[in-house]
Amino acid sequence: MSDRNNATAALADVAAEPGVAKPDPILVADNVQRSFGGLHAVDVDHLEMQRGAITALIGPNGAGKTTLFNVLTGFDRGGSGDWRFEGKKMSRLPAHRVAHRGMVRTFQLTKALSRLTVLENLQLGATEQRGEEMFASVVRPLWRRQEREIIERADELLARFRLDHLRDEFAGTLSGGQRKLLELARALMVRPRMLMLDEPMAGVNPALTQSLLEHITDLRDEGTTICFVEHDMDMVMGTSDWVVCLAEGQVIAEGPPQAIGSNPAVIDAYLGKQHGAPPAEELTS
Amino acid sequence: MRALAVIALIALAVLAPGAALADEHEAVQGTITDPDGEPLADLTITANRDGAEVGSDTTDEEGEWEIELPEPGSYDVELDLDTLPEGLAPREVGGEVLSGVEVDEGQQRTLIFQIVPEDEQEDPATEPEEPAEEEEAPPEGAETDSDTGVPGETETDLETPVPPQHAPFHERLAQVLLNGLQYGGIIAIAAVGLSLVFGTTRLINFAHGELVTFGAIVAFFVNAAAAGPGLHLILAIVVAVIAGALLGGGLDRGLWRPLRMRRTGRINMFIISIGLALFLRHLLLVIYGSRPNSYAEYQIQSTISLGWAEITPRDLTILVVSVIVLFAVALMLQRTRIGTAIRAVSDNRDLAASSGINVNYVILVVWMLAGGLSAFGGVMFGLTEVVSWDMGFKLLLLMFAGIILGGLGSAYGAMVGSFVVGIVAHLSTLWFPPELWNAWALLVLIVVLIVRPQGILGRKERVG
Amino acid sequence: MDYSSILTSGVYGALGPVAIGYVLAAIGLNIHFGYTGLLNFGQVAFMLVGAYGVAISVSTFGLSMWVGVLVGILAAAVLALILGIPALRLRSDYLAISTIAAGEVLRLFYRSSVAEPLTGGVYGLQRFGDELLDLNPVPPGIYEVGPLAFTARDVWLMSVGWGLVALVVIVVYLLIHSPWGRVIRAIREDEEAARSLGKNVYAYKLQSLVLGGVIGALGGMVFTIHQQSAHPDGFDPVVTFFLYTMLVLGGAGRVLGPVLGGLLFWFLMLSFDAFLRELMATGYIPPEILVPSDVGALRLALVGLGLLLLMAFRPQGILGNRREMVLDVR
Ligand SMILES: Nc1ncnc2c1ncn2[C@@H]1O[C@H](COP(=O)(O)OP(=O)(O)OP(=O)(O)O)[C@@H](O)[C@H]1O
Ligand SMILES: [Mg+2]
């Protein structure tokens, strides 16, 4: 699936070195830092992400991937640095404003809204809802039409993600994999221009993984920019247009998927981890 | 020194007539002390006019009371004998009522109820009647008590722990800090258990105050109750601590462990602890009664001077003992196997369990420790004030303030935070009415949380 | 043993103005705790400012009671903002403790000599509800319904009170079954998820706090106007615990939960009370074991035990459903 899409083509001539400039970046970050006590969890000098491409973010456990997501999406306000999204400054914006700007994230540990139904979970994703204002909400005619449209869109997404049979179940009853799907569908209700997916495939069975991956590439083909964190190199190879490798908070390598696997810095980062303590996988959930 | 201060105050009064005029309400007030000059708290005094009640007050820790009156006139002021500790009585039979007290416009009249041991009470029926002893409040300006609310000195009480208003500021400060340290020590002892329980089980235990009351009441029954064995206080403390530990352990085995096994949610557990608190507190009320009591020993002592501040040997002992106990707890947490296990469970329960620590056993120990420590704190608290059915609940919010200031779940933080709370409460009396001192401690809690939502020593939680 | 008098005591309790006030406050708390997941343990503070809003306006400043009602509502909204702006950023357990602390600070302040010129200090304020009583259209007399007898005043106050409850319930129903309600329920489930979908969680929590707080203030007004007396010590933290008990009994996160819970709670409380007194009066319980002054304490002990058992065995209350409760991850 190499040169079939424009994103890969656009990135073909970009040099595979950390912090390299992209032809059409949607996100440009400078000097992003976050430390916990003495630990520099994130320390990124410069990073760009190409519009319309799937960028995979890889790195050993504890590399700082989730923390970078948290800082960029406004969930962790303790970081510093400058980043621009679609040319507009986005640093220090609170999380909900980040989502309004079109950058929507999911979580490594899925956050299903358990006691809302699957449909309600999706409905919640729609933005600019009239009925979400406190005073307007008591006057049903003000939002009834919009609500119908939202339900329609939600039903489409549910069908697309094969969740339609679960439409009226509580989200809390879904399986882990179904929740991942639900979370992705819910994020799409926001109509994001860029999706930040933190391990969207973790804990999902292989069959479902395949369909999730297809959804992700479809989304890219429809024009959504995607950045996702993934540990499984096969999936990274098969799906992404570009790979960024993070280790100890820094971008140590980036490049097209074929090149990254043989990058000595990347191999070092992963092997260095394996030589040391026992694999930390069990400790993080 | 004292004369200078008086002169300064008079000068102030002359120079600032506005301030003196501003305070024109009529009132009766006073300080009630026992025969040895120790203040008597929680006595109720009412003022009546033509048989109708116009106001009442309860003496505070300093034995002070004040009743504001609607207008000048003649009032009957009565001390409620039911609130007087056993064995004490007014000097004369019927001396609990001061009738026909004339209060002039703008006057704050100081009244004295003289309290004597019951067997020394005089019966005016057999002796020539004397008018009830009264004392006019000094004229405006030199009159300081009611303006600031800071306990002052009257002729009868010689040993109030809080220094007179006209003492130099540094002496008042030193005294207040000392009192605050002592108060903080008691809060800390009681709060460490609360903090350890939170650390190991994530339970915010609203019923912790009842563990404190329970300890104090057990010690009272063993020590001073009419039906009890009348053991010495030291022995009573031992009994109370053991009983407290058993109650703590029993609650864990009988209630909290089963709930943990059923994976009851944190908030549900929190609400359950509120139910438990209501239940235990009112059970204690039925058993113990609503009347406050004191222990048999160490009620009344004269103070010793520590340079700028003074303290009774009893309070000094309490302060020293609390510090020692806190150190012992810290040592135990740092140096012993069980202490290490407790810290491991607090840090990460699942990790501790998977590394072979018997988590349920550790939690049981923590509960017993919490029960024992709170019982001990309860006795200390009962010694400095009185033993009452709701004393623990009164202390509870201050304990929470302490452990939150220290960052929830850190035992050392709880100790530091509790001392801060105790000191703040007492410091506030330098400038504000003592009736509001606990309010100040709670206010500090709220302010600290605004500035540092995770507490002084706490850590932020991660997202995602 | 006079069972009918025991039952009628319970019914009086359940229908009376105190119950109405508590039900209103519990409806407010339901918005906080049941729907938004805010662990507000200072609901009594909203009742306090509501009650004193009326009391101070009328008794201290001689204003109209209706001005007082507005003042009370405003005071509750302001309190919600002052409390919420810092506290809503806190983790739930910290929020619980800081709200209960705020409630206590407020009570201590209202009863202090500093505030006495305004609040009447420990003596409180009296006689500020005349305007409502003067509006009473019910002709004087005793109205009997079966074994129950009500004065014209009772009938009037109860109609106003339950009318208010009905109105509030309708508004809450509309709110909760709207996209706004969906957002606050989402916040209850996981505020980070709501944030990731572009919801301004903080603003919604504030709205919820203000709304529930104002309803709580109405509750405070109702029963102090009925009693014609506001007293700071009537607003201690135990009131909030009662509200939680009522809420959990009826079912938190159900529109009618606090109403049903409140009715039942007061019915049980007062009939238990009457039952015990009856046992003592008829000599079934000898005075060596219990004296009448213990009844109040026992009643509260029972409330505590009830709350404990309910939360342990039926946390969803009467109206909740078990399936939903299992999904409660908190
Ligand atoms: N709130 C926090 N407090 C303290 N340390 C933190 C916090 N959040 C993250 N860290 C530390 O920052 C480092 C980076 O963590 P992060 O979760 O970003 O790693 P990651 O790359 O997402 O790892 P994984 O692949 O396991 O998800 C880790 O060492 C982690 O312990
Ligand atoms: Mg991660």
Return the ratio Rg/(2.2 N^0.38 Å) for the stretch C:3-235, where Rg is computed over Cα atoms only. 1.08
What are the extents of the Cα atoms of chain A along their three principal axes, listed from largest to smallest and rounded to whole Å? 61, 41, 40
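Would you mind giving the mean number of other chain beta-carbons within 10 Å of the Cβ of each residue in C:85-95, as a whole number?
Numbers: counts 1, 6, 4, 0, 3, 5, 7, 4, 10, 10, 2.
Counting other chains' Cβ atoms within 10 Å and averaging over C:85-95 gives 5.
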Out of A:A7, B:L211, B:Y183, whose Cα points farthest toward the positive end of the dipole of the protein assembly as shown (charges: +1 Lys, Arg; -1 Asp, Glu; placed on Cβ)? A:A7
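As an exercise, identify the trypsin sites (Lys or Arg not before Pro) in the stretch A:1-73 lying in DSSP coil whose Cβ has no more than 14 other Cβ atoms within 10 Å. Walk me through the numbers on the way to the answer.
Values: sites: A:R4, A:R34, A:R51, A:K65; in loops: A:R4, A:R51.
When the trypsin sites (Lys or Arg not before Pro) of the stretch A:1-73 are filtered for loop state and at most 14 Cβ neighbours within 10 Å, A:R4 remain.
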Mean Cα-pair separation over length for chain A, i.e. relative contact order, pairs under 8 Å, 6 or more apart, %: 26
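How high is the relative contact order of the stretch C:67-215, given as a whole-number percent (alpha carbon pairs under 8 Å, six or more residues apart)? Intermediate values should be presented prior to the final figure.
On the way: 90 pairs, mean separation 41.9, N = 149.
That works out to 28 percent.
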Inter-part distance where the stretch B:295-326 and the stretch A:58-133 are each reduced to a Cα centre, Å: 57
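Chain C: longest stretch without exposed chymotrypsin sites (Phe, Trp or Tyr not before Pro) (DSSP loop, at most 15 other Cβ within 10 Å), sites themselves excluded?
That would be C:62-283.
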For a distance above 59 Å, tell me the whole-number percent of Cα pairs in the protein assembly as shown that qualify. 20
Where in the stretch A:134-166 does accessible area fall by at least 10 Å² between the isolated chain and the complete protein assembly, at a 1.4 Å probe radius? A:M134, A:S137, A:V138, A:R140, A:W143, A:E147
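Hey, any idea what % of the stretch C:3-235's accessible area is carbon plus sulfur with a 1.4 Å probe? Could the numbers behind the result be given before it?
Working: 5340 of 7670 Å².
Accessible surface attributable to carbon and sulfur in the stretch C:3-235 totals 70 percent.
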Based on the mean of other beta carbon atoms within 10 Å per residue, what is the order of C:292-300, B:267-275, B:442-450, B:398-406, most packed first? B:398-406, B:267-275, B:442-450, C:292-300
Expected vector for the stretch C:56-68, Karplus 3J(HN,Hα) from phi with 6.51, -1.76, 1.60 and θ = phi - 60°, integer Hz, x for Gly and Pro, equals 5, 4, 7, 6, 8, 9, x, 7, 6, 4, 5, 4, x
Heavy atoms of the protein only, probe of 1.4 Å, neighbouring chains included. What is the accessible area of B:H170 in Å², nearest 10? 80
Which far-off residues, 5 or more places away or on another chain, put their amide H under 5 Å from the one on C:I318, with H placed in the peptide plane? C:G250, C:G251
How charged is the neighbourhood of C:T36? Take every other residue with its Cβ under 10 Å from the Cβ of C:T36, and add Lys/Arg as +1 and Asp/Glu as -1. +2
Lys pairs in the protein assembly as shown, Cα-Cα under 21 Å, at least 8 apart or on separate chains: how many? 15
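Loop by DSSP (not H, G, I, E, B), at most 12 other beta-carbon atoms within 10 Å: where is the longest site-free stretch of chain A for GluC sites (Glu not before Pro)? Mind dumping the intermediate values first?
Details: sites that count: A:E128, A:E222.
Formally, the longest exposed-site-free interval is A:1-127.
How much accessible area is lost when chains C and A come together, counting both sides, with a 1.4 Å probe, in Å² rounded to the nearest 100? Please report the intermediate quantities before stating the final value.
Values: alone 15420 and 14150 Å², together 26440 Å².
Accessible area lost upon association: around 3100 Å².
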If you project the alpha carbons of the stretch B:225-358 onto the principal axes, what extent comes out on each, in Å, largest first? 56, 40, 29
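Let me confirm one metric for peptide B:201-214, namely the mean number of other chain beta-carbon atoms within 10 Å of its residues' beta-carbons. Before the final figure, lay out the partial values.
Values: counts 0, 1, 1, 6, 0, 6, 2, 0, 0, 0, 0, 0, 0, 0.
Across B:201-214, the average partner-chain Cβ count within 10 Å equals 1.
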Quarter of Cα convex hull surface for the stretch C:147-230, i.e. mean projection, nm²: 7.6
Which value, in Å², gives the accessible area per residue of chain A when a 1.4 Å probe is used on the protein heavy atoms? 44
In deg cm²/dmol and to the nearest 500, what is the mean residue ellipticity at 222 nm of the protein assembly as shown if only DSSP H runs of at least 4 residues count, each as -39500 (n - 2.57), divided by the residue total? -16500 deg cm²/dmol
At what distance in angstrom do the alpha carbon centres of the stretch C:46-90 and the stretch B:424-440 lie from each other? 25
Which trypsin sites (Lys or Arg not before Pro) from the stretch C:112-201 combine a DSSP loop assignment with at most 11 other Cβ atoms within 10 Å? C:R127
Which cross-chain or sequence-distant (5 or more) residues have an amide H under 5 Å from the amide H of A:F36, H modelled 1.01 Å from N in plane? A:A41
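Estimate the FRET efficiency between B:N48 and B:I304 by the formula 1/(1 + (r/R0)^6), using the beta-carbon distance for r and 25 Å for R0, to the nearest 0.05. Don't skip to the answer; put the middle values down first.
On the way: r = 42 Å, r/R0 = 1.66.
Rounded to the nearest 0.05, the efficiency is 0.05.
Taking beta carbons within 10 Å but only from partner chains, what does the mean come to for residues A:40-49? Don't skip to the end; give the middle numbers.
Values: counts 0, 1, 0, 0, 0, 0, 0, 0, 0, 0.
Taking the mean over all residues of the peptide, I get 0.
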Would you mind checking which residues have amide H under 5 Å from A:L246's amide H? H placed 1.01 Å from N; only 5 or more apart, or other chain. A:I58, A:G59, A:I252
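Per residue, how much accessible area does the stretch C:3-235 have with a 1.4 Å probe, in Å²? Working shown, then result.
Values: 7670 Å² over 233 residues.
On a per-residue basis, 33 Å².
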So what is the relative contact order for the stretch C:125-213, in percent, with contacts set as C-alpha pairs under 8 Å and at least six apart? 14
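The values are calculated or read from the model by the stated rules, or taken from the named source; none is laboratory data. Values in this document were obtained by computation on a predicted structure and should not be read as measured data. Don't worry about glycine lacking a Cβ; one is built from the backbone with ideal geometry, like all the others, and counts go over all protein chains shown. Quick note on the areas: whole protein, heavy atoms, side chains included, nothing else; ligands and nucleic acids left out. Shrake-Rupley method; radii C 1.70, N 1.55, O 1.52, S 1.80 Å.
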